[in-house]
Every structure is written in structure tokens, then in C-alpha cells.
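Notes for the one structure printed next.
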Amino acid sequence: MPGLAIGDTLPDLEADSTHGRIKLYDYIGDSWAIIFSHPGDFTPVCTTELGAMASYAQEFARRGVKLVGLSCDDVQSHKEWIADIEAYCQGCKVNYPILADPNREIIKQLNMVDPDEKDSAGKPLPSRALHIVGPDKKIKLSFLYPASTGRNMDEVVRVLESLQTASKHKVATPVNWKPGDPVVISPSVSNEEAKKIFPQGFETKDLPSKKDYLRFTRV
């Protein structure tokens, strides 16, 4: 499928939204961003997801992240749908913009086209996709779910924390990592460098290969 992949630069798209006409670069600024698409307004799984995004908004803001929703319906439809989302997720406010894409151009450029789903007119629909974008405007991570499966927002937060931790330190996060758990030192960092970068020390696992590549530390 043509479009964005990890490592690609986010295009500086301009579109109508529930916050008026916006350009992505101006809106995102120097922040991280999460751009997430939905198959359609007034659909059940999407309603629960946008409500969850709204309820997690402070968590994302605390991590310096801007949120951008996307659906192929028009702005008026989005605004009417927001009333349902906020009624379902009581106490939350959808304060992030939802882009309109009635011509299906943005979903193509962002690699968010569902390969199977079509609307009543036979036009392509967005997949349930999500891109995490770094301050350098490059795609750092992508999720792609089928229309029948809602996303796990705790996992979105977890991988965001992983990406931000890795960007600040020369580390990676191991399987099932959670914030506060030990991280692994990148193979490109020698032991001599590691002693300087991680004065708190690190633990090297003794493996049958006797290769000192599995080194744990805390940041």
C-alpha cells in the first residue's frame, strides 16, 4: 500500500477540521504528535476510541503530545458526532481537532486506507490506524487494526513512553517494558561509553555465547 511508513517524514498537510482550517506542521510545532484515523463518524468502536482519547488527553499533554483525529466525514458531521462521544465518555471533552477528508486524499497520503472496507458509494474508508510522530516530523511508530478491534490506549501510552525514553538516552526497552522498569543499553554503546553515560551502573547478563550484549540499566 502506498503511503507513510516508519522513518518517513509526515507531509505538511492542510485540511478543514473541527478547529477550522489547520496545517499539520503549524499545529504540531515542536511537539510529538499522535494522528489516528477512524472508519467513520457515528460508529460504535470509533465512538469509544475517541472518547478514550479525550479522557487520556491530559496524559498525552503531560508528555508533550498533540492529538489529531481523522475521518472521511465532513466537519459538520464531526461536530455533531462529538456530542455523542462526550455523552458516552461523561466528563471528557474532545479538545483535539478531527480532520475532514471527504475526498479520501489524506488517508492515502498517510497510509490509512482500509484495503477491504468501502462506503455505500464504493469509496475507500480509513483503516483504524495510528501514527506516532516525533518532533522531527518523522513517523516513529504505527499501529494498524481492523475495523472490528478497538485500540488499547494504555499500550499507546506505553509505546510513547518507550519512544521518548529511547530518544533521550542510548537505550531500548525490552519485552513487556513499563515506565520505571530497567532498559537495555544499545549495542552501539561500548562498555567504556556505558560507564560514562550511565554512572548509576549497569548489569550485563551472562549468556552462553559470552557476548556482552544484554546490558540492563535504569534511566
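The values are calculated or read from the model by the stated rules, or taken from the named source; none is laboratory data. Since the structure is predicted, the reported quantities are computational estimates derived from the model, not experimental observations. FYI the Cβ positions are ideal-geometry reconstructions off the backbone, even for glycines, and counts take in every protein chain you see. The protein model used for the area step is the full one, side chains on, heavy atoms only, and it has no ligands, DNA or RNA in it. Shrake-Rupley method; radii C 1.70, N 1.55, O 1.52, S 1.80 Å.
What share of Cα pairs, in percent, lie more than 15 angstrom apart in the range 99-163? Tail of the P(r) past 15 Å holds 58 percent of the pairs. Treating each Cα of the range 1-51 as one equal point scatterer and applying the Debye formula with no solvent, the log10 of I(q)/I(0) at q = 0.19, 0.21 Å⁻¹ comes out as -0.90, -1.03. Between Asp12 and Thr149, the FRET efficiency estimated from the beta carbon spacing at R0 = 41 angstrom works out to 0.85. Taking N as the residue count of the range 146-219, its C-alpha radius of gyration divided by 2.2 N^0.38 Å amounts to 1.32. At q = 0.10, 0.13, 0.18, 0.23 Å⁻¹, what log₁₀ I(q)/I(0) does a Debye calculation on the Cα points of the range 16-118 give, no solvent, two decimals? Log10 I(q)/I(0), no solvent term: -0.26, -0.44, -0.86, -1.37. A simple spin-label model places pseudo-atoms 7 Å from Cα toward Cβ; at Glu117 and Arg63 they are separated by 2.4 nm. Counting only protein heavy atoms and a probe of 1.4 Å, the accessible surface of the range 1-154 is 49% carbon and sulfur. Please give the FRET efficiency for Asn95 paired with Lys168, using the beta carbon to beta carbon distance and R0 = 30 Å, rounded to the nearest 0.05. So, using R0 = 30 Å, E works out to roughly 0.65.
If you model the chain as an ellipsoid using its alpha carbon gyration tensor, with each semi-axis the square root of five times an eigenvalue, the axes come out at 37, 18, 16 Å, biggest first. Mean residue ellipticity, 222 nm, helices only, the chain: the sum of -39500 (n - 2.57) across DSSP H runs of n ≥ 4, divided by residue count and rounded to 500, is -8500 deg cm²/dmol. Per residue, the solvent-accessible area of the chain (1.4 Å probe, heavy atoms of protein chains only, all protein chains present) comes to 52 Å².
Taking the empirical scaling 2.2 N^0.38 Å for compact globular proteins as reference, the range 159-202 has a Cα radius of gyration ratio of 1.13.
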